[in-house]
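Here the structure comes first, spelled out in structure tokens, and everything after it is commentary.
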């Protein structure tokens, strides 16, 4: 059994990075959100993912945020840190420089912009697997990166490196995901990277999700995931459809703008993002506000 295999099943939440009006990280709000999602029943937390606006968080801030996360979570749930990039050497350096004591795994995105061939992607993650002292979760999200980890490459990495424990699949390509689920080693995780596709992917054999919506509604979404994984799709479907309009609204005008709007409405953090990201437009904000009101009746 791969080390950490069972730590990352169920509902992971890609936690936001709250900012103050000055642009500084709001650690008080961050601690509040950590407690909110843990008390809501999520199974693990991912810090410095896309939802955490990692491209605009400086290296010293990343170090401080990881150290703060370890203390704030205090071993209540596993912690995963996003460490990825389009330069293999820089990712290796970041792994060495990140304080990983108390961290349970890293999430590493497919190299972006340069559009490497599949062999280049394989070699990139080979180096990361050989470097990382903690388990590695692959992350494919071609809509953001312009490159994709093909099913064949995922399976090759899964078979060659025990330190690679799973993949966050946000390709939206069901056939690709099915091929990974069908042919993977038994101890290799497939996690949904799309909230709206989580229930059908679990029905197809996936092991959980790394979620955006769970920042705002950790209990409801975690309940839906647990019910799905237990095979109670009648109950899971009811929660899925309760949340589906809200889930869709979060992505109408960019992410994490949508979830930050929702968290401001719920008084969990302020609605500040770092450029080049900006808050959602007023029409979408009002729609999210209306849907939050419906969910909390």
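What follows is calculated from the coordinates using simple rules that are stated; it is not laboratory data. Please read all numbers here as calculations on a predicted model, not as lab measurements. Using ideal geometry, Cβ is built from the backbone for each residue, glycine included, and neighbour counts are taken over all protein chains shown.
Over the residues of the range 92-226, compute the C-alpha Rg and express it relative to 2.2 N^0.38 Å.
On the way: Rg = 14.7 Å, N = 135, 2.2 N^0.38 = 14.2 Å.
Relative to the rule-of-thumb radius for its length, the range 92-226 sits at 1.03.
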Legend entry - nm² value of the averaged projected area, convex hull over the Cα atoms of the range 144-297: 10.2 nm²
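Ranked highest first by average number of other Cβ atoms within 10 Å, how do 42-54, 94-106 line up? Can you show the working numbers first?
Details: 42-54: 24.2, 94-106: 17.9.
Result, highest mean Cβ count within 10 Å first: 42-54, 94-106.
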Inset, instruction - Once every Cα of the range 17-122 carries one equal point scatterer and solvent is ignored, give the base-10 log of I(q)/I(0) from the Debye formula at q = 0.14 Å⁻¹, two decimals. - result: -0.58
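For the range 216-286, state the average projected area of the convex hull of the C-alpha atoms over all orientations, rounded to one decimal in nm². Intermediate results must be reported in sequence, preceding the final value.
Working: hull surface 20.5 nm².
So the Cα hull casts an average projection of 5.1 nm².
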Legend entry - Antiparallel content of DSSP bridges confined to the range 5-230, in %, to 5: 5 percent
Inset, instruction - Write down Rg/Rh for the range 1-71, rounded to two decimals, with Rg from the C-alpha atoms and Rh from the Kirkwood relation over Cα pairs. - result: 1.00
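Which semi-axes, in whole Å and largest first, does the equivalent ellipsoid of the range 5-230 have when worked out from the alpha carbon gyration tensor as the square roots of 5 times its eigenvalues? Please report the intermediate quantities before stating the final value.
Values: eigenvalues 125, 95, 46 Å².
Over the Cα atoms of the range 5-230, the ellipsoid semi-axes are 25, 22, 15 Å.
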Legend entry - Value in Å of the Kirkwood radius, where the range 151-212 supplies the Cα pairs that are averaged: 11.4 Å
